[in-house]
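The values are calculated or read from the model by the stated rules, or taken from the named source; none is laboratory data. The model shown is predicted, which means the values in this text are computed figures rather than measured ones. Here Cβ is always computed from backbone atoms with ideal geometry, including for glycine, and neighbour counts include all displayed protein chains. In case anyone asks, the SASA skips ligands and DNA or RNA and just uses the protein heavy atoms, side chains included. Shrake-Rupley method; radii C 1.70, N 1.55, O 1.52, S 1.80 Å.
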Amino acid sequence: MTADLTTDQDLLAKYAVDRDEQAFAELTRRHGRMVFRSCLRQLRDRQAAEDAAQAVFLILARKRGRVRAEGSLAGWLYKTAQQVSTCAARSRARRARYEANAAVHHGNQSPVGPAADPGLEHLDRELAALPTDQRQAIVLRYLEGYGVQEAARIAGCPQGTLAWRAAQGLERLRKRLTRRGRAWALAALSGLLEAQAREAVP
C-alpha cells in the first residue's frame with residue numbers, strides 16, 4: 001500500500017472494509033499530532049491529552065463506517081477531539097471540586113491549575129462549529145501544517161477548492177471570534193493556528 005499517495009477516504013475504506021491495520025496506522029500518523037494538540041489546548045495536561053487522543057482514535061475505529069460516509073476525516077477527528085476533551089475536562093472539574101472540598105475540610109490548600117490562554121478561549125469551539133468542508137481545510141492547512149497541494153490530496157479535492165475552503169473558513173472563523181469580543185486580523189489568526197502545529201507530540 002502506498003499510503004503517501006492515498007486520500008484519507010481511501011485509507012478509511014481500506015480499514016472499514018478490509019480491517020487494514022496499516023491504513024489505520026497511516027491515518028493515526030497523519031492526524032495524531034492535530035488530535036493531541038486539540039486535546040491539550042482544552043485539558044492543559046499532557047497525560048490527560050494523550051488519554052483523550054487515544055480515545056478519539058478508538059472512537060474512529062468503532063465508527064469507521066459512519067465516518068467514511070461523512071467524507072471529511074480531518075474535520076471529524078477535530079470535532080470529536082473537542083467533544084472527548086470537553087467530557088474529560090468536566091470529569092476532571094468534578095474531581096477537582098471534590099478534592100478541593102476535601103482539602104478545605106482537612107485544612108489544606110488546593111493547588112491552582114494552569115490558566116487558559118485567553119487567545120484560545122473560544123477558538124476551538126468556533127472552529128468546531130464551522131461547516132465541515134471549511135473546518136477540514138483549516139485543520140489540514142493550519143493545525144496540521146500541510147501545504148495546499150498535500151492538503152488537497154489528503155482531502156481528495158482540487159487544490160483551488162481546498163485553498164478556497166480554507167480562506168472562506170478562516171474569514172468565517174475571524175467573524176465568529178470578533179462577535180465574541182476578540183478582534184483578529186486574518187494574518188494574526190492564521191499565525192495563531194499555525195503556532196499550534198508546533199506543539200510537541202508524544
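Filtering region 149-184 to residues that are modelled with pLDDT under 90 and either among the aromatic types (Phe, Trp, Tyr) or more than 17 Å from Thr132 (Cβ to Cβ) (or both) leaves Arg174, Lys175, Leu177, Thr178, Arg179, Arg180, Gly181, Arg182, Ala183, Trp184. In the set (1) among the polar types (S, T, N, Q); (2) closer than 18 Å to Glu150 by Cα; (3) open to solvent by 20 Å² or more (accessible area, probe 1.4 Å), the condition left unmet by Gln54 is number (2). For region 5-49, a residue qualifies if it is polar (S, T, N, Q), open to solvent by 20 Å² or more (accessible area, probe 1.4 Å) and farther than 21 Å from Arg135 by Cβ, and the qualifying residues are Gln22, Gln47.
Candidates are the residues of region 119-170 that are open to solvent by 50 Å² or more (accessible area, probe 1.4 Å), acidic (Asp, Glu) and in a helix (DSSP H, G or I); the one that is farthest from Asp8 (Cα to Cα) is Asp133.
The residue pairs whose first member lies in region 6-29 and is without any contact (Cβ under 8 Å) to a residue 40 or more places away in the chain, whose second member is open to solvent by 50 Å² or more (accessible area, probe 1.4 Å), and whose beta carbons are closer than 7 Å, counting only pairs six or more residues apart or on different chains, are Asp20/Lys14; Gln22/Met1; Ala23/Met1; Ala23/Lys14.
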